[in-house]
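The values are calculated or read from the model by the stated rules, or taken from the named source; none is laboratory data. If you're wondering where the values come from, they're calculated on a predicted model, not measured in any experiment. Neighbour counts run over all protein chains shown; Cβ positions are idealised from the backbone, glycine included.
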Amino acid sequence: MYNIVKEAHSGIAYLAIFALVIAIINAVSGIASKREFVKKDRTISLIGLIFSHIQLLVGLILYFISPLGFAQLGNMSDSAVRLTSLEHPLINIIAIALITIGWSKHKRVAQDEKFKKIAIFYALGLILILSRIPYATWLS
């Protein structure tokens, strides 16, 4: 079961990152062109939010069944273990929270501010996600 969840977490990561990049590009282009935030823009942003949340749920399951996750939480002397047992999950939870805040805030602002909220919060979330990916484990 561990390998299935690990592979799912890796596969969904590509989709989540791609969806966030597309949502950020869409928001930045919306800001630059000063166009109205329409249903297509909402859908693109929502897909980024959904994939991020699915990735978080699969990641939390993996965290508790992985030998590199919760089981190693007391072993902070090894930087690779610290990354997978503390930094990666903590920073990604914060990143998903920022993405969720961006989604929530875009609904409460004026039409001309919607793209700005999505762009800022989704970009901050993506930067945090990319900063704490265990690349050595993920790409091997």
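I'm checking my understanding of the structure. Among residues of the stretch 58-81 that are in a loop (DSSP other than H, G, I, E, B) and of a type outside the set (A, V, I, L, M), which one is farthest from Pro134 (Cα to Cα)?
In the first step, residues of the stretch 58-81 are kept if they are in a loop (DSSP other than H, G, I, E, B); the result is 66-69, 73-78.
The next check asks that each one be of a type outside the set (A, V, I, L, M); those that pass are 66-67, 69, 74-75, 77-78.
Values: Ser66: 14, Pro67: 15, Gly69: 12, Gly74: 18, Asn75: 17, Ser77: 16, Asp78: 13 Å.
Per the criteria, the residue is Gly74.
Given (1) in contact (Cβ under 8 Å) with a residue 60 or more places away in the chain; (2) under 20 Å from Arg132 (Cα atoms); (3) of a type in the set (Val, Ile, Thr), identify the lone condition not met by Ile91.
(1)
Within the stretch 1-20, identify whether any single residue is among the β-branched types (Val, Ile, Thr), under 30 Å from Ala110 (Cβ atoms) and in a helix (DSSP H, G or I), and answer yes or no. It would help to see each step written out before you state the result.
Keep residues of the stretch 1-20 that are among the β-branched types (Val, Ile, Thr), which gives 4-5, 12, 17.
Add one more test, that the residue is under 30 Å from Ala110 (Cβ atoms), and what stays is 17.
From the residues that got through so far, the ones that are in a helix (DSSP H, G or I) too are 17.
Yes, because at least one residue in the stretch 1-20 is among the β-branched types (Val, Ile, Thr), under 30 Å from Ala110 (Cβ atoms) and in a helix (DSSP H, G or I).
Would you say Asp41 is part of a helix (DSSP H, G or I) and at pLDDT 95 or above? Quick ask: steps written out before the conclusion?
Values: part of a helix (DSSP H, G or I): yes; at pLDDT 95 or above: yes.
Spelling it out, Asp41 is indeed part of a helix (DSSP H, G or I) and at pLDDT 95 or above.
Looking at (1) loosely packed, with under 14 Cβ neighbours inside 10 Å; (2) within 15 Å of Trp138 (Cβ to Cβ); (3) not small (Gly, Ala, Ser), can you tell me which one Phe64 breaks?
Here Phe64 meets the rest and fails (2).
Are there any pairs, at least 6 apart or on different chains, whose C-beta atoms fall under 6 Å, with the first in the stretch 7-25 and under 21 Å from Phe37 (Cα atoms) and the second surrounded by fewer than 18 Cβ atoms within 10 Å (Cβ to Cβ), and if so, which?
Within 6 Å, the pairs are Ala19/Ile47.
Does Ile47 fit the bill of being surrounded by 21 or more Cβ atoms within 10 Å (Cβ to Cβ) and in a helix (DSSP H, G or I)?
Considered against the rule, which asks whether it is surrounded by 21 or more Cβ atoms within 10 Å (Cβ to Cβ) and in a helix (DSSP H, G or I), Ile47 comes out as no.
Would you tally the residues in the stretch 82-134 being outside any loop (DSSP other than H, G, I, E, B) and over 15 Å from the mean Cα position of the chain (by Cα)?
Just the residues of the stretch 82-134 that are outside any loop (DSSP other than H, G, I, E, B), to begin with: 82-108, 111-131.
The next check asks that each one be over 15 Å from the mean Cα position of the chain (by Cα); those that pass are 82-86, 104-108, 111-117.
Summing the residues that are outside any loop (DSSP other than H, G, I, E, B) and over 15 Å from the mean Cα position of the chain (by Cα) in the stretch 82-134 gives 17.
May I ask you to list pairs of residues, at least six apart or on different chains, whose Cβ atoms are under 7 Å apart, with the first in the stretch 112-140 being touching a residue at least 40 places away in the same chain (Cβ under 8 Å) and the second being surrounded by fewer than 17 Cβ atoms within 10 Å (Cβ to Cβ) and among the charged types (D, E, K, R)?
Cβ pairs passing all conditions: Arg132/Glu87.
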